[in-house]
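What follows is a short report on a single structure.
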Amino acid sequence: MKMTKAHIFFLLAICVPFLARAQYITVNDTYTKEQLVRDVLINNTCASVSNISVLGGNFASGEQSYGYFNAGTSSFPFANGIILSTGRAVAAQGPNSSLLDDGRGMDWPGDSDLEAALEINNSVNATVLEFDFIPLGNKISFDYILSSEEYHDNAPCRYSDGFAFLLKEVGGTGEYKNLAVIPGTTIPVKVTSVRPAIGGNGGCDAQNEEYFGGFNGYEHPTNFNGQTVIMTAQSDVTPGVRYHTKLVVADEGNYRYDSAIFLGGGSFKIETDLGNDRLLANGNPLCKDETLTLNATNANAIRYEWYKNSILQPETTPTYQVIEAGTYSVRVELAGGCFSNGEIKIEYSPVPTVSNAVLVQCDEDNDGLALFNLNQANAQIVAADPTLTDPVYFRTNAEAASDSNPITNVTNFENTQPIVYARVENQYGCYAIAEVTLNVSNNNIADPQDLKKCDTDANPSDGLSVFNLRDREADILINLPAGNVNYYTSYADALSGLNPIPTPETFPNTVPFTQRIYAKLSSGIDCYGIAEFNVRVNYFGNSLDDVEVTICSGSSVLLNAGSGFSSYSWNTPNHETTQTIRVNAAGTYTVTVTNADGCEGTKKFIVTASSIATVETIRIRDFQGGNNTATVVLTSNSIGTYQYSLDGITFQDSPTFTNLAPGRYNVIIKEADCGTITHEFYIMDYPKFFTPNNDGTNDYWRIPYLQYQPNATVAIFDRYGKLIYFFKGGQPGWDGKLNGHDLPANDYWFKIILQDNREIRGHFSLLR
C-alpha cells in the first residue's frame, strides 16, 4: 500500500509523540493586489507601478490561490514574499503532511501566454499577477523558488506544472519575453527541466540538477514535496520606458499535484547593470593590460558613488575605468530618493607562459634558404600546456598582437626573414607572443648507395618488396653528429618533417622497381642534412628449366649451367664455382647462379644412369603360321631407355615384335646416348608337305633354320604312332624312306623338341 503524506503524519504522531516540531511558513491570503506588488514585491521608489491585477481560483471557502507568506523562524530561504499557487495558497503552510490537490471540480482557466512561453497547450488553474512599471534603472531582477507536489516518484519525468515571468514594453509590437529560464539558456524552469536522476521503472536522467533544491521530509517549512534552489529572473530595461509584466503559474493537463511560486519580498529590484562578472570560473576574465570601462549612465541620476572592494573611490562620473582585479559597485542616486545599485566582479587571467624557439632546417643548395614546418616549434613554445592553443604564426610582432594576416603556409614556410612570431592564447583568449628563430644547416650528407633487393615472393615480377631502410644508416652517419634518421618518400615531407615512414625496418615500396627515399638526419626537430637513395627491386627473370641428362656406364657427362652469370655455386662435395662440371655418377645436381643484379636462380640437372643393352634371351613364339612373335629380354644390368628395330629404320619402344614370318632376323637395340647392339634370332615353322621324288626340290622334310639348334630333336610317326624316323637339328631331315624303302604318300605326324625345351607337334603330307 502506498502511504500518503497524511498516513506518514499519523504514524509520526503515534510513534513520536514528543517530536519537536519545526517552524513553518505562514500564509495570509487577505492581502490586496496593491499590497502584494507595491509593499511586498517591489518595496522601493525606483519604479512607478500601475495597472495591477491578480486572478486566481475562486474557492467556495473564500480562500485565494495567492497571498503573502512569512517564513517566521523557519528555515525557508525567503523571509517573506508572495505566493502564487495552483491551489489554495494557505495549503502551502508546513509541515509536509498532506497531498496538495486543490481545484478538483473547479478547473478554472489556464493561460495562453504561459502556454506560448512553455510550448504547452493544456494549462488549467492559472494564477496570474500583472502590473505595469516604469523603471529608473537599466536592469530589473527578482528571486523565486518553484515548489511542487510533482516532485515524487517518477512524476518529474512526465508531468510539469508551469511558471513564467513574462515581460514586454507597453504599446510595443514585440512578444513576451520569459525571464524564468535556466541561467544561460532559454529553457523554461519546470519540474521536468529541473530534476535529479529518477531511478526505477519509468525513471529518467537528471536535468539541470544543480538547480534542484531537494526532496522534502515531513518537517519542511512548506507542504510541498520538493523545490528548486533560489532562482533569479532578470532583464535589461530602458529607464523611463513603460513595461508590462505578467507572473503566472498553472497546472499542466489537470488539477492534480499543485505547484506554487514563492517570490522573495523586495526582490523585485531596479538596478544599474554594469555587465556580466568577468571571472575565471565564467571563462571571461580580463587579460593583462586590458582595461574595462564600467558605464552607469542614467538620465535620472543625481549623483554617482563608485566603490572598489567596498571602499569608496574618488570617481563621481557615470563611468569608471577598471585596470585591476576586484569587486566594483556603483550607487546611483535617482530622483525621488531612489537609489539604483550595480555590482560587477573582475578577475584577470594569468599571462600564458610561452618560450621562444629555434628551428634548424637543412639547406641543400647552400643559398641560405630552406623550407620550414613552423608547427615543429609548437612543443617548444607551449611546453605541452593543455590550456594553451596551438601557436598561430605571423611575420611581424605587430601582426601577432593584432591577430591579423597570419602565415598560411606554415608547413613549408621559406625563411625570407630570420624570425617569425607565434601567438598563443589560453582558454580565456588572453595571448602571449613568442619568437621563433629560423636557422639553416648546410651539412652535406653523401648519398649512400642504392638499396637493392631481389624479389622472391609469389609474384616476383611486380617490382614490390620489403626493405630495411636502416641498412643504409651507417653510411649516412659517417663523420656526422649523432642524431635521429627519419625516412620519407618525398623531399617536401623530409624538409617539413611530415609523414615520416613509420616503420623503416619493414618498408614496402609503393613505386614498383625503383623508388626514391629521403633520409633526414636531425637532432630533435633540427635538421643536419638530407641524403637520398633509391630502393631497387630486381628479379631473376625467366626461371631456369630442369635438365634431364643420361650418363652411360663407365663414362662421364658435362653439365653446363649456361653463360652470362656473375657467379656459380654447385651442390657437389667440392662446391665448384665454374660454369660447367663433369660428373660420372647418376644423381640430381643443382647450381645456384647469380645475375648482374645480384638475384639468384637455381638450375637442376637430373642425371640418369644408362648403358648399352645386353640381351639375355629372345623369347620366340613361332610355329604359329604368320602370327609369330619375338620378345627381346635384356639382362638386369641393362639400365637405360631403349628402342628396338628389325630394319634399322623404324624403331619402337616395345621389345616385342608381332606378325613375324618364318625367317632369320637381326634385332637392333638402341640407347640414344650409349649406343646400339644387334642380336640374331630365327622364326621357324614346319612344311605342310614334301615331294621326295629326287628332282632336287623339296626332296627332304626338314625345319628351316633348325640347323641353328643342333641339339633340337625331331621324331616322325605314322598314323598309328609308330616311330619312323628320328633326326637332330643339324641333320638334313627325312627323305620319305624307311629302311631304304619309299613310304607311301600319306599324312605323317611329328614331335619337335627345341633347345629351349619347347615341344612342337603337328602333321604333314608326303606327296608322290
Antiparallel DSSP beta bridges within the stretch 451-610, as percent of all bridges there, nearest 5: 75
The stretch 132-222: GluC sites (Glu not before Pro) falling in loop per DSSP and having at most 10 other Cβ within 10 Å: none
Separation of alpha-carbon centers, the stretch 735-749 and the stretch 303-330, rounded to whole Å: 171
Protection-proxy order for peptides 547-558, 643-654, each taking the mean of Cβ atoms within 10 Å per residue, highest first: 547-558, 643-654
Simple Cβ-charge dipole of the chain, Lys/Arg +1 and Asp/Glu -1, about Cα centre, in debye nearest 20: 3080
Sites Ala446 and Thr608 - FRET efficiency at Förster radius 51 Å, r taken between beta-carbons, to 0.05: 0.35
Computed over the stretch 615-683: relative contact order in percent, which uses C-alpha pairs under 8 Å that are six or more apart: 31
For the stretch 351-429 and the stretch 68-114, distance of Cα centres in Å: 64
Net charge over other residues, Cβ less than 15 angstrom from the Cβ of Ile381 (K, R count +1; D, E count -1): -3
Ellipticity estimate at 222 nm from DSSP helix runs (n ≥ 4, -39,500 (n - 2.57)) divided over the chain, nearest 500: -1000 deg cm²/dmol
Mean projected area in nm² (Cα convex hull; one quarter of hull surface) for the stretch 615-683: 4.3
Sum of side-chain charges, Lys670 neighbourhood, beta-carbon under 15 Å (Lys, Arg +1; Asp, Glu -1): -4
Normalised contact order of the stretch 689-766, rounded percent, pairs of Cα under 8 Å and 6 or more residues apart: 30
Cα-based Rg / Dmax (Å) for the stretch 386-452: 16.9, 56
Among the listed pairs Lys190/Lys288; Lys288/Lys520; Lys670/Lys728; Lys269/Lys308, those beyond 32 Å (Cα-Cα): Lys190/Lys288; Lys288/Lys520; Lys670/Lys728
R0 of 41 Å, Cβ-Cβ distance Thr631-Asp546: FRET efficiency to nearest 0.05: 0.75
Prolate/oblate/rounded call for the stretch 272-346, Cα gyration tensor, a/c under 1.5 rounded: prolate
Separation in nanometres of the label points that stand 7 Å from Cα toward Cβ, at Glu505 and Ile311: 6.7
Length released on extending from Ile323 to Ile753, taking residue separation times 0.36 nm less the Cα-Cα span: 140.2 nm
Zone residues, the stretch 492-516, relative to Asn459, backbone N less than 17 Å from point 7 Å out along Cα-to-Cβ: 508-514
Computed over the stretch 272-346: relative contact order in percent, which uses C-alpha pairs under 8 Å that are six or more apart: 36
Hull shadow area, averaged, the stretch 669-756 [alpha-carbon convex hull, nm²]: 7.8
Structure-derived Rg and Dmax of the Cα atoms in Å: which label, when the choices are (i) 33.5, 111; (ii) 61.2, 191; (iii) 40.1, 145: (ii)
Which of His220, His741, His763 has the fewest Cβ neighbours within 10 Å, and the rest in rising order: His741, His763, His220
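None of the figures in this text is laboratory data; all of them are computed from the coordinates on show. Small disclaimer: the values here were computed from a predicted structure and weren't measured. Counting neighbours? That spans all protein chains shown, and the Cβs are built from the backbone with ideal geometry, glycine included.
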